Each structure stands twice: as C-alpha cells, then as structure tokens.
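Down below is the structure, laid out as structure tokens.
Computed from the coordinates by the stated procedures, all read-outs in this text should not be read as laboratory data. Here the structure is a predicted model, which means the values were calculated and not measured. Using ideal geometry, Cβ is built from the backbone for each residue, glycine included, and neighbour counts are taken over all protein chains shown.
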Amino acid sequence: MPVSPDEYRLMDVQQGGRCFYCGEPVGAKATFDHLIPLAYGGLDAAPNVVLAHRRCNQRKADRLPTPEEIDRFVTERRRSRLGVWPPLLALRDAEPGDEWMTVARAIAGL
Ligand SMILES: [Zn+2]
C-alpha cells in the first residue's frame, strides 16, 4: 500500500478532516489524489498525495496542481514527516506554459 494507515491518519489531521480541493469535510469517503498525476510519472506515495472527495478527485482528473494549490500543500506539510515531493517545488516555480516540461525534467533529475 503506497500510503500507510498511519500516514493516512496524519494526512487527515493535517487537512483538518477536509477535502484538499473543495474544503468540505471528507470523512471516511476520502480518496487519494495524486497532485502530479500517476499518468505523468507522479510518485505513488504520501509526499505527492492528498485526501479528496471522489468527485473532486475525478474533477481534477489529469491536470497539474496550480501554484496556489502547491503553496497550500507545502504549508500543510511544513514540519511534517509526510514531506513534499521535490518535483512539486519545481512545478511551483515553472514559467507559464512550461509546466509539463518542468515536471518531466524534475522527475528525470531525481
Ligand atoms: Zn471535495
């Protein structure tokens, strides 16, 4: 299992029991959403995962997170052992229009 039960509980506490995308309570129906989608080489582990409603997860689909979302994620993860996957930080600083290449380069450089 890519996210352990212990990591799941910690994630839930850090998100205040709320969906990462809509901010509404998510409870036991939370799904794992990959900030950088798996389809594009996103890491299948806690440093790239947030809790979200199934519908919010599906709505996000395969888009990349916005700089605002990454900032919020980094703030939530500050001093957390769950961590932040480095390609997310590279993406936050990407030039507009160059997001996908920036992610690909950051993943290749790990
Ligand atoms: Zn939601």
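Do you know which residues across region 1-18 are in a loop (DSSP other than H, G, I, E, B) and away from the ligand (no atom under 16 Å from the Cβ)?
First, pick out the residues of region 1-18 that are in a loop (DSSP other than H, G, I, E, B): 1-4, 15-17.
Scanning region 1-18 gives 1, 2, 3, 4.
So, in region 19-49, exactly how many residues are of a type in the set (Asp, Glu), touching a Pro at 6+ places or on another chain (Cβ under 8 Å) and near the ligand (Cβ under 9 Å from one of its atoms)?
0
Quick check on my filter: what residues within region 1-45 are touching a strand residue (DSSP E or B) at 6+ places or on another chain (Cβ under 9 Å), aliphatic (A, V, I, L, M) and in contact (Cβ under 8 Å) with a residue 40 or more places away in the chain?
Across region 1-45, the qualifying residues are 3, 11, 35, 43.
Answer yes if at least one residue in region 92-101 is without any contact (Cβ under 8 Å) to a residue 12 or more places away in the chain, closer than 25 Å to residue 6 by Cβ and not hydroxyl-bearing (Ser, Thr, Tyr), and no otherwise. Lay out the reasoning, then the answer.
Applying the first criterion (without any contact (Cβ under 8 Å) to a residue 12 or more places away in the chain) to region 92-101 yields 93-98, 101.
Those still in the list that are closer than 25 Å to residue 6 by Cβ too: none.
No, every residue in region 92-101 fails to be without any contact (Cβ under 8 Å) to a residue 12 or more places away in the chain, closer than 25 Å to residue 6 by Cβ and not hydroxyl-bearing (Ser, Thr, Tyr).
Just name the residue that is farthest from residue 8 (Cα to Cα) out of those in region 23-49 that are of a type in the set (A, V, I, L, M, F, W, C) and outside any loop (DSSP other than H, G, I, E, B).
Top of the filtered list is 39.
Of the conditions (1) assigned to a loop (DSSP other than H, G, I, E, B); (2) under 14 Å from the mean Cα position of the chain (by Cα); (3) in contact (Cβ under 8 Å) with a residue 40 or more places away in the chain, residue 81 satisfies every one except a single condition; which number is it?
Every listed condition holds for residue 81 apart from (2).
Can you find a residue that is in a loop (DSSP other than H, G, I, E, B), within 14 Å of the ligand (Cβ to nearest atom) and in contact (Cβ under 8 Å) with a residue 60 or more places away in the chain anywhere in region 50-61?
no
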